[in-house]
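The values are calculated or read from the model by the stated rules, or taken from the named source; none is laboratory data. Owing to the predicted nature of the structure, the values given are computational and were not obtained by experimental measurement. All Cβ positions, glycine included, derive from the backbone under ideal geometry; neighbour counts span all protein chains shown. For the accessible areas, the whole protein counts, side chains as well, though only heavy atoms, and no ligand, DNA or RNA atoms are used. Shrake-Rupley method; radii C 1.70, N 1.55, O 1.52, S 1.80 Å.
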Amino acid sequence: MDPLLAAFEEAYGRPPQGVWHAPGRVNLIGEHTDYNDGLVLPFALAQGVSVAAARRDDGVLELRSLQAAADGRTVRVEELTPGAVDGWAAYPAGVAAVLREHGVGGASLLIDSDLPQGAGLASSAALECAVALALCQLHGVEIERAELARLAQRAEREFTGTPCGIMDQSAALLCTAGHALLLDCRSGLSSQVPLPLGEALSLLVVDTRAPHALADGDYAARRAECERAASLLGVGSLRDVKDLAGALASLPEPVLRRRTQHVVTENHRVEAAVGLLRAGALAELGALLTASHLSLRDQFEVSWPRADAAVEAALRAGARGGRMVGGGFGGSVIVLAAADRLADVREAIDAAYAERGWPAPAYLEAVPSAGARRLL
């Protein structure tokens, strides 16, 4: 028997009615553009969060996780309010609370994950979206996936205090195998872009082992800076800046100029990346990745020493390009390299970390995979 099924029966004394899975994601390019109404280009990973679940008709939500076995929670769905549940359970509890408005009720949930937590691979959004699919299907509620992504985003904002954009939840629910998802975070419109990794070129995820925590003040501060810059420029968001030189000249604070420059140029890099991929020029993507990293390091100031060292070592070892991914301040790096150079890249990064006395990073070869779905 599948270990998750067996664990569910042991925990709840009955078999689950199904198992749902939502993937983590790698954002190929387009960082800190999502909450600025901009463009992003994520793809789903094979790894993610799985939820075994069974419906309850008494309004009770039971939450357990194989990664936090001693930290189960039981709460009535009608009593869920922000702050009522903390820690990891706030994510699924928030989803249940938001979906309550659509007719979703109680359930017994057991969660498992093969995503490294704190690596910037959107484990929280994967958890939210797996739970959202499970609760909707258990209670016969039909919600379009783009709308379900917005509901999951709302749950994270209200129940964990993270002012996240829409990218992670959209990637978990809308991505398809072999493709990246071009998402316009203002309109919600999306399209699939071929991403033929794994043939001549591979994308290596480097978990720098520097955990990040987006609910702290740094992420919120960057968002506030972007909003202040947009307000001073008289635009709805930095997505609307057309004359970058003029905008930079009119902003009074250097920090706001740096934030604006990153967001505007990052949107351009997303558009350029899509053009390259649709033209079959995957190898040329590397320069855009590196340019994105330098902008995130110098203009948006969200990189961290282990990320910078990984990118620099990878480039010295012959990688096509690389950059930090996720919100920043810890997490992962992606490196685009010829498949036959991956061993050299890993060796170079390992050596750079050892030289600085840092713990060795972990590696994951990224495969563009399907979005959230019911497994059983």
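For region 101-234, what class follows from the C-alpha gyration tensor (a ≥ b ≥ c being the square roots of its eigenvalues): rounded when a/c is under 1.5, otherwise prolate if a/b is larger than b/c, else oblate? The partial results should precede the final answer.
Numbers: a/c = 1.34, a/b = 1.08, b/c = 1.23.
Because its axes are fairly even, with a/c under 1.5, region 101-234 counts as rounded.
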> About its Cα centre, what dipole magnitude does region 251-353 give when the only charges are +1 on Lys and Arg Cβ and -1 on Asp and Glu Cβ, stated in debye to the nearest 20?
Replying inline: 180
> Using a 1.4 Å probe, what is the accessible area per residue for region 234-376, in Å²?
Replying inline: 41
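What fraction of the Cα pairs in region 1-66, stated in percent, has a spacing above 13 angstrom? Spell out each step's value before the answer.
On the way: 1555 of 2145 pairs.
Summing the P(r) tail past 13 Å for region 1-66 gives 72 percent.
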> By Kyte-Doolittle mean hydropathy of at least 0.5 and Cα axial length of at least 18 Å, which whole DSSP H helices of the chain are selected?
Replying inline: 123-138, 285-298
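With a/c under 1.5 counting as rounded, go ahead and sort region 1-120 into rounded, prolate or oblate using the C-alpha gyration tensor (a ≥ b ≥ c being the square roots of the eigenvalues; past the cut-off, prolate if a/b is larger than b/c, else oblate).
It is oblate, given that a/c is not under 1.5 and a/b is not larger than b/c.
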> Considering only protein heavy atoms and a 1.4 Å probe, what is the carbon-and-sulfur percentage of the accessible area of region 1-46?
Replying inline: 49
>> Students often get this wrong, so try it: which of (i) 59, 49, 41; (ii) 82, 50, 46; (iii) 89, 47, 38 is Cα extents along the principal axes in Å as calculated from the structure shown?
In response: (i)
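Taking square-rooted eigenvalues a ≥ b ≥ c of the alpha carbon gyration tensor, is region 258-376 rounded, prolate or oblate, where a/c under 1.5 means rounded and, failing that, a/b exceeding b/c means prolate?
rounded
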>> Helix-only estimate, please: 222 nm mean residue ellipticity of the chain, summing -39500 (n - 2.57) across DSSP H runs of length 4 or more and dividing by its residues, to the nearest 500.
In response: -13000 deg cm²/dmol
>> Once ligands and nucleic acids are excluded and a 1.4 Å probe is used, how much of D57 is accessible, expressed in Å² to the nearest 10?
In response: 130
> Ignoring ligands, DNA and RNA, what percent of the accessible area of region 87-175 is carbon or sulfur (1.4 Å)?
Replying inline: 44
> So for the chain, taking the charge dipole from beta-carbon charges (+1 Lys/Arg, -1 Asp/Glu), which of G357, L282, A22 sits furthest toward the positive end?
Replying inline: L282
>> Below 8 Å, C-alpha to C-alpha, sequence gap of six or more: please give me the relative contact order for the chain in percent.
In response: 23
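Considering only DSSP beta bridges with both partners in the chain, what is the antiparallel share in %, to the nearest 5?
Around 90 percent antiparallel, to the nearest 5.
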> A107's amide H: which non-local residues (gap 5+, or another chain) put their own amide H closer than 5 Å, with H modeled 1.01 Å from N in plane and none for Pro or chain starts?
Replying inline: R56, V60, L61, E62
